[in-house]
Amino acid sequence: MANWKKILTITLNVIIGIYLLLAVTAFNRPAEKDMVCQNLDITIERGVVAGFLSPADVRRMLNDANINPIGKILADVNLRQIEERLQANELIENAECYKTQNGNVAIQLSERVPVMRVMAQNGDDYYVDNTGKTLKNTGYVCNLVVATGAISTNYSSRVLAPLGRLLLADDFWRNQIEQINILPDSTIEMVPRVGHHVVYLGRPTGIKKKLERLRKFYKYGLSQAGWNKYSVISVEFNNQIICKKRKNKR
């Protein structure tokens with residue numbers, strides 16, 4: 001019986017201690033109904049490519065929808081509404097909002113990452129992101145490889161998105177390749193920034209191995225022969241590189 005009394009006394013003391021701690025915390029922290037949002041903290045996750053959005057763009061979206069929380073009573077700020085409004089924008093992949101202890105509202109965004117700009121011969125002009133989805137050309141400036149030629153949206157998703165990811169993941173190719181051109185038979189040629197030649201990849205298969213072969217040729221071949229010796233460098237076939245010499249001007 002004594003043990004039960006002792007256990008009960010300890011339990012009651014713990015409960016009272018927790019209650020007092022919560023009561024003091026609540027007393028020291030101003031109620032949301034008395035707090036006004038003073039600031040909006042916006043964080044945008046960045047990938048290997050500079051995205052389209054800036055914090056100013058996010059604030060503009062909230063102002064246009066009349067849901068900017070600055071100056072509003074914190075208790076009246078609808079975080080779900082803000083998240084849904086931001087995620088409705090095609091440039092935003094995910095948005096998370098929360099209220100901070102000092103009375104501000106924080107927003108964390110992740111963008112859809114463009115990996116290539118498409119300017120197809122049929123007049124289509126858009127970006128393709130890292131998941132293969134298209135982004136409208138919204139007027140934002142983004143320094144990416146430009147793909148031209150016979151390009152459908154299906155081809156962009158299947159071929160150009162993984163190719164763009166591959167190029168952007170490598171510092172050398174990100175700086176070396178300027179343009180991708182898709183020929184009527186769906187084969188690929190690339191235009192480099194350095195060297196007056198075109199690289200022919202052929203069918204969009206085994207591209208990673210083709211690029212590795214090309215990298216070695218650049219390093220051990222063109223460094224000796226000269227970057228402007230050839231007009232076409234083909235890595236279409238396995239284990240070989242075929243070069244077409246540039247015709248000498250008379």
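Any read-out appearing in this document is the output of simple, stated calculations on the displayed coordinates, not a laboratory observation. Only a predicted model underlies this, so the values are computations on that prediction, with no experimental measurement involved. Note that we place each Cβ from the backbone using ideal geometry, even for glycine, and neighbour counts take in every protein chain shown.
Fully extending the segment from residue 36 to residue 65 would add 8.5 nm, taking 0.36 nm per residue of separation and subtracting the current Cα-Cα distance. Taking amide H positions as modeled 1.01 Å from N, with prolines and chain starts lacking one, the residues under 5 Å from residue 236 and 5 or more places away or on another chain are 242.
Residues whose amide H lies under 5 Å from that of residue 116, counting only those 5 or more places away or on a different chain, are 128; hydrogens are built 1.01 Å from N in the peptide plane. Between residue 150 and residue 80, the FRET efficiency from the beta-carbon distance, with R0 = 51 Å, is close to 0.70. Listed values for region 96-109 are Karplus-derived 3J(HN,Hα) couplings in whole Hz (6.51 cos²θ - 1.76 cosθ + 1.60, θ = phi - 60°), namely 10, 10, 7, 9, 8, 5, 8, x, 8, 10, 10, 10, 10, 10, and x replaces Gly and Pro. Once backbone amide H atoms are built at 1.01 Å from N, residue 198 has 232, 233 as its partners under 5 Å, excluding neighbours fewer than 5 places away on the same chain. Can you give the FRET efficiency for residue 219 and residue 158, using 1/(1 + (r/R0)^6), R0 = 30 Å, r = Cβ-Cβ distance, to the nearest 0.05? About 0.50, to the nearest 0.05.
In region 168-209, with Lys and Arg counted as +1 and Asp and Glu as -1 at Cβ, which of these residues, 173, 194, 183, has the Cα nearest the positive end of the dipole, that is, farthest along it? Final value for the positive-end residue is 173.
On full extension, the segment bounded by residue 246 and residue 88 gains 51.7 nm, given 0.36 nm per residue less the C-alpha separation. The chymotrypsin sites (Phe, Trp or Tyr not before Pro) of region 171-250 meeting both criteria, a DSSP state outside H, G, I, E and B (loop) and at most 11 other C-beta atoms within 10 angstrom of the site's C-beta, are 237.
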